[in-house]
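Worksheet: the structure to be examined is printed underneath.
The values are calculated or read from the model by the stated rules, or taken from the named source; none is laboratory data. Nothing here was measured: the structure is a model prediction, and the numbers come from that model. Glycine also receives a Cβ, built like all others from the backbone with ideal geometry; neighbour counts cover every protein chain displayed. Only protein heavy atoms, including side chains, enter the accessible area calculation; ligands, DNA and RNA are left aside. Shrake-Rupley method; radii C 1.70, N 1.55, O 1.52, S 1.80 Å.
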Amino acid sequence: MKVGPAALSCCCLLVQVLGLALFLRGFFPVPVRSQSRKSSMSEVPAEPRAGTASNWTRPPAALFQRAVVLLIDALRQDFVFGAKGREHMPYITQLMERGATLSFIAKATAPTVTMPRIKALMTGSIPGFIDIVMNLNSHELVEDNLMWQAKQTGKRVVFYGDDTWIKLFPKHFVESDGTTSFFVSDFTEVDDNVTRHLDDVLKRNDWDVLVLHYLGLDHIGHLTGPHSHLIGPKLYEMDLVLKKIHSALISKDEEASLPSLIVVCGDHGMSEAGSHGGSSDEEVQTPLILISSPFQNKAGTLKEPEMIQQTDLAPTLAVGLGLPIPIGSLGMLLPAAVQHKSMREQLRFFHLNGYQLSNLLRENLKAYEKDDGVEQFKKAEKLHANWIKLYLEGNTSEVLTNLGRKLLRQYLEALQKLSSSLSKQVAEYDIYSMTVGAIVTLEMFFLLLLGIPSALSSQSQFDVPLASPVCSLFFYMTCLVLAAVHVIVCTSAENHCFFCSLSWMMAMGILGFIAALLCILLSVLATIIAKHKPSNEKTNSSMSAWSELDLLLLVGTLGHVFSMGASSFIEEEHQTWYFLVNTLCLVLSQDMCRKYFLVRKRDKMTLPDAARGAQEDVYISDLYDARKMELREERLSILERFIKDNEKWIALMSPGVILLCCRLLRPINQTGIQWVHRSDFGHWLTSSDHKAELSFLVGICLVMIFILIQGKCSLVSKAALLFGLLGVYCYRAAVGHVLYPWQQNTKEITKGITEARFVYIFVLGILISGVKDLLKAHVMRTDSTARIVGLWEVYSGLILLAALLFRPHNLVVLVFCLLIQIILTMFVWKALKYDAAQITIMHYWFGQAFFFFQGNSNTISTVDVSAGFVGLENYMELPAVLLTAFVTYSGPFLWAVHLLCYLSGETNKTPTAVAHGCYCYAILRCLPVTVYILLVTGLRYHLFIWSVFSPKLLYEVLHLVVSAGVCLMFTVVDKNQVASSDV
Amino acid sequence: MMDEAELRRLSAGHILCGLAVVVSLGVPPFLFEDFSLLGSHLTWLCVCSACVITVNVLLLLTLKPNPSTKRSSFTHKVNKLYRTCLYFFVSCLLFHGIIVLYGAPLVESVGETFLFAVLLSSFTTSRCLCILGPNFHAWIRVFSKDGAMSVWDHSLQITTFCSIVGAWLGAFPIPLDWDRPWQVWPISCSLGATFGYVAGLLLAPFWIYWNRKRLTYKSR
Ligand SMILES: [Zn+2]
Ligand SMILES: [Zn+2]
């Protein structure tokens, strides 16, 4: 069967998307959770009993009157336990020496970012990677957590500090004051904002839980690193805060019946560079200190703190405050925290913890009964019942105490096993699904690769030997082998595997598809080898004819692909693309120099040096004089004539101008990890002090956008564009980004829904008119101008949409994008004749660079979720996701659509340009994805797999989906084009 | 035809150029206190550029790779010298501009960037100026595809290309999070350029020798 390259590449990408979906399903296991449910007091189990009924059926009472959680952001373990702590935190050191405390080193899990860490502390669960992505939109924490439980049982919670808490737990606090961590350079005010409430709240008695989240230390770390001289004073300040709280609570303890508890902890550590997010020891290990008077009797010398998990805090706090343990918690109660209670109470607490863990395991593991931890817990529960029976019978001998101690140890062991098998659930890969997905992806990639020679030839047709699998023995053999492997894998695997849980027919269909593809690949390979054997020398000679540009394009593309094996290069991927685009511009300018300074080089070779230069100049000026004369004849506008007159110099300058634009774009949005905290122009503009400047800039940008894209549109869409851009300004003014020039005092800020919908209407209008033009071109068959106008209208509609959705300062990026595109088409590609493949690669590179210019990075945090709410009353899944995806990928997408416009405009020269472009685009996108999933599979136990590699994987896959859409557009236009060129 | 004697002179010149780099590494420790390549990198950049330029000028005077018309007046010579210096300065500025366009900070560490540009200029432009003279058209000829007309032209092509590619590759380790002292701007780039330059110097005679059959130069 013969197919065009565009259709082939489109199909390949679509199938690859399916393959990748399967791969992702295996790579991101569904996390341990029981999202919607929350545990309640009535579900708390009674004490185990045998025969006689226990009188303890109600949930246990609280151990502490009130609790203060002092969370110091980025408090690293050695800031308290190390030399720094001894020097700068005298009070806490003294407390630890006196034995009034329990100190631990709590290990956080990656990603060590504040928000997931707060979740871990409050829910006791490990937020899976996919959790973070899924919860991007819903800010409120829906899982069972301590704050919710506290509110439910009528505890009054007061909160001061990082406003992430208020987003996570809205309406949970009786009193709160959030500070934003937006300005990293501020490290006094953020903390003063918290401390100023302290005196007042400590005097009062109308609260039960006080949460304080101090941000200053984190900011100092980001700015100057963990060894800065600012760290010491900050630690001392924190020490003073603790002293204040502690002395206030001690005086309260005297009146109250129950003691109070202070928890000092960090959410994550700080790397040697001062940042966090990864999983190095410095980032992961945080101190956890529990201070309360009952701990005092367990005095002793200052010993090494015990290593625990951060998730252990949640059950401990829950027990301490008399709340049910959050249902999704993986943590285990810290035995030291309840040691001062009676044996019966201690046993009861551990029973509750074990009961909760085994329930959680039952929801997440099929072979739950066989689990070692569950068996031990069951045994311990029985012993516990017997112990209670003895206890209630009044037995108070030494034996009972010893028995209790033994039982306690048994509980602890069971808890440990339960907890570890639960955390294993989180981190298990489904290798079989991953393999199947990867094979499909790989086969599609090889099909595209093998198709290059025939698809990029002048007739541009690819012969897919569909018949080959049907009548070959090899196909049936492969099918059989695959089926056998499937059966063996699925029967032997203990854990649940997604691909095995598919229906029987479906799995066999996929396996048959894989086998058929394999046959097709082999037969294509055979024909290629048969064809190319005699002409081996030809390829050698064609290699030496490669220009520097070709070499750069090849080296750059491959170099980028292989750079993705290093986590730093993924974090700083923008640097790679800026670097490559810069080099590309330099090579372009070299080509340009060659073209304009070395006309007819061959003829001049024989002339001596000095004479040649002079003659060349004469020659060139002759040539241009003649051209100028020609042009004067035509009637042109002044601008166009100026351009034509100085074509040479403008063309020579244009790569330089592009370079300059790229350099100017860089500091608008700092992205990546290492240099992200450098001040950037975008933050400066969006801060409220510079509203006037921003308004001016937005106005200028909107005018520029109109000037740059109106040229090729029809009159109607020009008008629509004008109104649309006006609407964009009104929208910005309504949401409070910019000011109206005629209205100095700001009126109340709205969501700008009317204005945004007004713009949407114009976007739709322009898009529909563009599509209509395209259809007209298809029906009329001869009208190629209608098609160009149609495509351009679609393009300008998309630009208008981007102008509406972008962050206000990113309009500058959009203007520069249009400017560079115009310079490239008007001067560079006119002067230098490149083929469709080269132009496609260059467009792709620029698209990638613009992905980062607009402020994206390879971490999830830079996704601009707010774009999904523009013009919507409330959150609606589908439009929000589509709009967010559009904004995120608008750089690559707009460049691809522009490529389509350009290539189909060139149609009179090469009718296959669109098809070739599409094919190259597909390969360019396919190559990194395919290599990347192999890399990720190899690196799946890497330290940074969750913090660096997984977000990148999601970005890559989504980009592939977007590209599949682009290829679909190419295919439709190509069909259209082929149809009209046939006539 | 291939000129064996010319090639030998070229190799000698290359060895001298290479020695200039070695001298810049070996001699400063005796002159300055606590000199180290990484610690006092700026000093090294100055010293290395100066050495390389000196050797290039010496080579110009002794080997005379590009025998020009003998009877040139004194004013002509002064004019030529003036233009040479001007070209060199312009090339430093141009390199500085390109480096900034590549993302080097505009305001902070201007000194480092400029000295790096000077180093690159002394590896590339100063050689061109010595061998080809301040003749823009000759430059364009040499640096266009198959425009080389002598072993010297080829050597220029190769060393310039190698130095620039070396500097280009030297930028790659900068984003890595290894926190090594040589990742500091512009150390890795200047080291890369130096490695490239030395490699080019060593490579060029061999490459020309291997390809001597293919390279037939037109008689001058
Ligand atoms: Zn934090
Ligand atoms: Zn931070």
Problem - ³J(HN,Hα), Karplus 6.51/-1.76/1.60, whole Hz, each residue of region B:26-34, x for Gly, Pro - result: x, 7, x, x, 7, 8, 9, 7, 5
Problem - Rounded to whole Å, sorted largest first: equivalent-ellipsoid semi-axes of the protein assembly as shown, Cα gyration tensor - result: 63, 38, 32
Fill in the blank from the handout: The A/B contact buries a total accessible area, at probe radius 1.4 Å and rounded to the nearest 100 Å², of 2700
Fill in the blank from the handout: Rounded to the nearest 5, the percent of antiparallel DSSP beta bridges in the protein assembly as shown equals 35
Problem - For A:559-566, mean number of other protein chain Cβ atoms within 10 Å - result: 1
Exercise for the section: Please determine, in degrees from 0 to 90 and to the nearest 10, the orientation of helix A:609-633 with respect to the longest principal axis defined by the Cα atoms of chain A, where the helix direction is its Cα long axis. Expected result: 80
Exercise for the section: For region A:766-871, give the percent of accessible area contributed by carbon and sulfur heavy atoms, probe 1.4 Å, rounded to a whole number. Expected result: 71
Practice task
Would you mind getting me the FRET efficiency between A:Phe723 and A:Ile488? Use the beta-carbon distance for r and R0 = 45 Å, nearest 0.05.
Solution key: 0.10
Fill in the blank from the handout: From DSSP H assignment alone, runs of 4+ in chain B each adding -39500 (n - 2.57), the sum over residues rounded to the nearest 500 puts [θ] at 222 nm at -23000 deg cm²/dmol
Exercise for the section: Taking only protein heavy atoms into account and a 1.4 Å probe, give the accessible area per residue of the protein assembly as shown in Å². Expected result: 45
Handout entry: Sequence-separation-based contact order of region A:793-952, relative, with Cα cut under 8 Å and 6+ spacing, percent
Key = 31
Completion exercise
Expressed as a whole-number percentage, the relative contact order of chain A with C-alpha contacts under 8 angstrom and at least six residues apart is 16
Handout entry: For A:Val69, distant residues with modelled amide H under 5 Å away
Key = A:Leu210, A:Val211, A:Leu212, A:Val263
Completion exercise
Distance in nm between A:His942 and A:Val703 label points, each 7 Å along Cα→Cβ, equals 4.8
Exercise for the section: Pop a pseudo-label 7 angstrom from the Cα along the beta-carbon direction at both B:Cys46 and A:Thr188 and give the gap in nm to one decimal. Expected result: 3.9
Handout entry: Rounded percent of accessible protein surface that carbon and sulfur make up, region A:378-503, 1.4 Å probe
Key = 66
Fill in the blank from the handout: When every protein chain stays in place and a 1.4 Å probe is rolled, A:Phe187, B:Phe89, B:Phe123 sorted by accessible area with the largest first are B:Phe89, A:Phe187, B:Phe123
Completion exercise
Heavy-atom accessible area of A:Glu755, protein chains in place, probe 1.4 angstrom, given in Å² to nearest 10, is 50
Completion exercise
Between A:Leu334 and residues 5 or more places away or on another chain, the pairs with built amide H atoms under 5 Å apart involve A:Thr316
Fill in the blank from the handout: Applied in sequence order to region A:930-941, the curve 6.51 cos²θ - 1.76 cosθ + 1.60 (Karplus, θ = phi - 60°) yields integer Hz couplings, x standing for Gly and Pro, of 5, 5, 5, 5, 5, 4, 5, 5, x, 9, 5, 9
Completion exercise
Over all viewing directions the Cα convex hull of region A:728-836 casts an average projected area in nm² of 9.3
Handout entry: Exposure of B:Phe35 as accessible area (Å², to 10), given a probe of 1.4 Å and all protein chains
Key = 30
Completion exercise
Given the candidates A:Thr188, A:His690, B:Leu191, the one whose Cα lies deepest towards the positive end of the charge dipole of the protein assembly as shown, counting +1 at each Lys or Arg C-beta and -1 at each Asp or Glu C-beta, is B:Leu191
Completion exercise
Taking a crude spin-label model, label points 7 Å out from Cα along the C-beta direction, the B:Val22 to A:His227 distance in nm is 3.7
Handout entry: Neighbour net charge for A:Ile520 - beta-carbon separation under 11 angstrom, K R +1, D E -1
Key = -2
Completion exercise
Between A:Ala83 and B:Val110, the FRET efficiency computed from the C-beta separation at R0 = 35 Å comes out, to the nearest 0.05, as 0.35
Completion exercise
Carbon plus sulfur, as percent of the 1.4 Å-probe accessible area of region B:1-40, comes to 69
Fill in the blank from the handout: The long-range amide H neighbours of A:Glu306, using H built 1.01 Å from N in the peptide plane and a cut-off of under 5 Å, are A:Ile105
Problem - Given charges at beta-carbon only (K, R positive; D, E negative), |dipole| of chain A in Debye - result: 1340
Fill in the blank from the handout: Here region B:134-142 yields Karplus 3J(HN,Hα) values (6.51, -1.76, 1.60; θ = phi - 60°; whole Hz; Gly and Pro given as x) of x, 10, 5, 5, 4, 4, 4, 4, 4
Problem - Delta accessible area of at least 30 Å² on complex formation, residues of region B:130-175, 1.4 Å probe, chain isolated as reference - result: B:His137, B:Ile140, B:Arg141, B:Ser144, B:Lys145, B:Asp146, B:Met149, B:Trp168, B:Phe172, B:Pro175
Handout entry: Relative contact order [Cα under 8 Å, 6+ residues apart], chain B, whole percent
Key = 26
Fill in the blank from the handout: Taking Lys and Arg as +1 and Asp and Glu as -1, residues besides A:Met332 with C-beta under 11 Å from its C-beta add up to -1
Completion exercise
Subtracting the Cα-Cα distance of A:Trp546 and A:Phe562 from 0.36 nm times their residue separation yields 3.5 nm
Practice task
Using a 1.4 Å probe and ignoring any ligands, DNA or RNA, find the accessible area of A:Glu272 and quote it in Å² to the nearest 10.
Solution key: 90
Problem - Within 10 Å of each Cβ in A:567-574, the average number of Cβ atoms from other chains - result: 3
Problem - For region A:192-242: rounded, prolate or oblate by the Cα gyration tensor [a/c cutoff 1.5] - result: prolate
Completion exercise
By the Cα gyration tensor axes a ≥ b ≥ c (a/c under 1.5 gives rounded; else a/b larger than b/c gives prolate, otherwise oblate), the shape of region A:230-389 is oblate
Practice task
Indicate the gyration tensor shape class of region B:1-122 (rounded, prolate or oblate), computed on the Cα atoms with a ≥ b ≥ c the square roots of the eigenvalues: a/c under 1.5 is rounded; otherwise a/b larger than b/c is prolate and the rest oblate.
Solution key: oblate
